[in-house]
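Colleague: This structure is in structure tokens; I'll ask about it shortly.
Just so you know, all these numbers are worked out from the coordinates, no wet-lab data involved. A quick note: this is a predicted structure, and the numbers were derived from the prediction, not measured. Because the Cβ atoms are built from the backbone with ideal geometry, glycine has one as well, and the counts that use them run over all protein chains shown.
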Amino acid sequence: MARPRKPLLSTDRIVAAARELVDREGLAAVSTRRLAAELGVSGPSLYNHFRTKDDILEAVADSVSGLVDLSMFEDGRDWRTALHDWAVSYRAALRAHPNIVPVLARGPGRRPAALRLADAVYGAMVDAGWPPAQATSIGALMRYFIMGSALGSFARGFVDDASAYDPADYPHLGQAHLLAEQQEKIDERAFETGLTALLDGLAQQYEQLPQSVRP
């Protein structure tokens, strides 16, 4: 029997193509017709794997959650180090696929990888001695911070035209036109500064917990 000219359609292949399309052109570009064309198949064939476009986007979002390293919650790292290393991995995954962040921001829903992520963070905090309510708040806090940092660039938001920053109007923005060219360095430093501040604050709260609840 002759081999098919194109690879057989699969869930993984659809998700990979949809993720590439979202990365390249954004959420608005995704439709079953467009995706079928990208894959070289007929539109109805997608419905054997996904019922709706939203289901496809949910699967794309979960594939990005699946890129986040969770090993730090299992290999004996203390809770603060684990949170730091997880945050760095999480942000890296989102920065690589920023256009899907609005879907991720809705919450885990029924997505398996996202639920495993939430379970790992919450479980690690409770195991470290954090009360369940505070463990939940820590997970939410970290998620807000990481997703916010992945949604855009602070440095790239400033135009590289010095004339836009008239010193008569903006006396402290004389160097603002130089920010864009150092975008990655500035954004990374801002993320690490904020992450350290968050973890320092949590560490102070942790020290106030009763000794009896800490391992």
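Colleague: Using the basic label-point model (7 angstrom from Cα toward the beta carbon), what is the Arg110 to Ser31 distance in nanometres?
Modeller: Label-label distance for Arg110 and Ser31, simple model: 2.7 nm.
Colleague: Explain nothing, just the number: relative contact order of the range 11-152, from Cα pairs under 8 Å at least 6 residues apart, as a whole percent. Let's see the in-between values first.
Modeller: Working: 131 pairs, mean separation 34.6, N = 142.
The normalised contact order for the range 11-152 reaches 24 percent.
Colleague: Mean residue ellipticity at 222 nm from the helices of the chain, using -39,500 (n - 2.57) per DSSP H segment of n ≥ 4 over the full residue count, to the nearest 500 deg cm²/dmol? Show your work: numbers first, answer last.
Modeller: On the way: 9 runs with 123 residues, N = 215.
The helix-only estimate for the chain comes to -18500 deg cm²/dmol at 222 nm.
Colleague: 7 Å from Cα along Cα→Cβ at both Glu38 and Asp54: what's the point-to-point distance in nm?
Modeller: Spacing of the two 7 Å Cα→Cβ label points: 2.0 nm.
Colleague: Where in the range 46-72 does the amide nitrogen come within less than 19 Å of the point 7 Å from the Cα of Asp127, taken along Cα to Cβ?
Modeller: Once the point is set 7 Å along Cα→Cβ of Asp127, 68-72 turn out to lie under 19 Å by backbone N, inside the range 46-72.
Colleague: Points 7 angstrom from Cα along the Cβ direction at Leu173 and Thr193: gap in nanometres?
Modeller: That separation, rounded to one decimal, is 1.7 nm.
Colleague: Evaluate E = 1/(1 + (r/R0)^6) for Thr81 and Lys185, where r is the Cβ-Cβ distance and R0 equals 25 Å; express this FRET efficiency to the nearest 0.05.
Modeller: 0.55
Colleague: For Rg/Rh (Cα atoms, Kirkwood Rh), pick the label among [x] 1.02; [y] 1.08; [z] 0.95 that corresponds to the value derived from the coordinates.
Modeller: Only one option fits the structure, namely [y].
Colleague: Which order, highest average first, do 48-61, 22-35 follow once you tally other Cβ atoms within 10 Å for each residue and take the mean per peptide? Could you put the intermediate results ahead of the total?
Modeller: On the way: 48-61: 17.4, 22-35: 14.9.
Packing proxy ranking, top to bottom: 48-61, 22-35.
Colleague: Suppose every K and R has +1 on its Cβ and every D and E has -1 on its Cβ; what is the size of the dipole of the range 11-152 about the Cα centre, in Debye to the nearest 20? Kindly include the intermediate steps, with their values, before the conclusion.
Modeller: Numbers: 16 positive and 16 negative charges, 92 e Å.
With only Lys, Arg, Asp and Glu charged at Cβ, the dipole is about 440 debye.
Colleague: Putting +1 on Lys and Arg Cβ atoms and -1 on Asp and Glu Cβ atoms, find which of Thr81, Ala29, Leu70 reaches farthest to the positive end of the dipole of the range 11-152.
Modeller: Positive-end residue among those listed: Ala29.
Colleague: Starting from the range 115-215, pick out the chymotrypsin sites (Phe, Trp or Tyr not before Pro) whose DSSP state is loop and whose Cβ has at most 16 other Cβ atoms within 10 Å.
Modeller: Details: sites: Tyr122, Tyr144, Phe145, Phe154, Phe158, Tyr165, Phe191, Tyr206; in loops: Phe154, Phe158, Tyr165.
Those satisfying the criteria are Phe154.
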